[in-house]
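The values are calculated or read from the model by the stated rules, or taken from the named source; none is laboratory data. These numbers were taken from a predicted model, which means no experiment stands behind them. A quick note on method: Cβ atoms are made from the backbone with ideal geometry, for glycine too, and the neighbour counts reach across all protein chains shown.
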Amino acid sequence: MKWSVIVAASVALLLVFALRWFWPSDRVQPPAVELPDARFDYILTDFSASFSDPQGHPELLVSGPRLEHDSRTRIASVEQPRFQIRPQSDQWTGRSDTARFERDEDEISLLGNVVLSQSVEQGELVIESQALHHHRGAGTISADTPVEIHRPGTWLRAGGLMITLEKDLIELSNHVQAQMQTAPRSNDRD
């Protein structure tokens with residue numbers, strides 16, 4: 001084959017590609033599909049929810065007159081919640097002004113006038129604080145703010161608190177103060 005035929009064929013092929021490049025196409029680009037924004041705000045009244053552990057046992061029950069979800073922050077707030085933590089064993093019950101849930105988190109923040117109580121052998125154990133944080137996955141309740149603990153004959157105040165639910169252990173931190181009343185001795189009663 002001659003070089004002139006190869007060069008002529010190559011030039012013809014380049015001309016075809018060049019014309020096709022500049023030639024208007026009858027194919028129209030499909031429009032870009034835009035999905036609607038799936039995030040939305042909502043409000044529920046007479047709200048109640050049950051959260052379970054991996055075995056299906058209830059570990060947190062929350063109820064309140066109103067739940068409001070903010071799609072921008074992905075936080076749900078419950079007004080005047082009532083809650084039960086570990087309702088099948090050593091149950092803690094309580095209330096607060098507000099509870100906040102972050103979506104996709106195993107955590108709840110209890111804010112404002114938080115009262116948490118548990119029945120114990122000596123009576124009722126009551127914890128009061130302005131903020132408590134319950135981490136369901138870790139099985140803890142914590143506070144970085146001052147707390148007061150009351151039990152018949154005992155009063156404690158501390159700057160922080162950590163409750164390990166599995167061990168039913170309460171640890172106090174930062175400026176712990178206590179006041180205890182001792183039981184009268186048997187010969188003092190006579």
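Key figures
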| read-out | value |
| --- | --- |
| Within segment 121-153, tally of residues that are among the β-branched types (Val, Ile, Thr) and either in contact with a Gly (Cβ under 6 Å, 6 or more places away or on another chain) or not in a strand (DSSP E or B) (or both) | 1 |
| Those residues of segment 49-85 which are part of a loop (DSSP other than H, G, I, E, B) and within 16 Å of the chain's Cα centre (by Cα), in sequence order | ASP53, SER71, ARG72, THR73, ARG74, PRO81 |
| Yes/no for GLN118 being more than 20 Å from ARG100 (Cβ to Cβ), in a strand (DSSP E or B) and in contact with a Ser or Thr (Cβ under 8 Å, 6 or more places away or on another chain) | yes |
| In segment 17-32, residue nearest to the chain's Cα centre (by Cα) [restricted to those that are of a type in the set (Gly, Ala, Ser) and modelled with pLDDT of 70 or more] | ALA32 |
| Any chance ARG82 is touching a Phe, Trp or Tyr at 6+ places or on another chain (Cβ under 8 Å), closer than 20 Å to VAL147 by Cα, at pLDDT 85 or above and surrounded by 13 or more Cβ atoms within 10 Å (Cβ to Cβ) | no |
| Which listed residue is among the small types (Gly, Ala, Ser) and over 19 Å from MET162 (Cα atoms), from ALA99, ALA76, ALA138 | ALA76 |
| Any hit, segment 176-183, residues being touching a residue at least 12 places away in the same chain (Cβ under 8 Å), on the phi > 0 side of the Ramachandran plot, not in a strand (DSSP E or B) and not basic (Lys, Arg) | no |
| Residue within segment 112-119 that is surrounded by 13 or more Cβ atoms within 10 Å (Cβ to Cβ), out of contact with any Gly (no Cβ under 9 Å at 6 or more places or on another chain), in contact (Cβ under 8 Å) with a residue 12 or more places away in the chain and over 22 Å from TRP155 (Cα atoms) present | no |
| Residue match in segment 154-171 (condition: surrounded by 12 or more Cβ atoms within 10 Å (Cβ to Cβ), over 21 Å from the mean Cα position of the chain (by Cα), of a type outside the set (D, E, K, R) and assigned to a loop (DSSP other than H, G, I, E, B)) | yes |
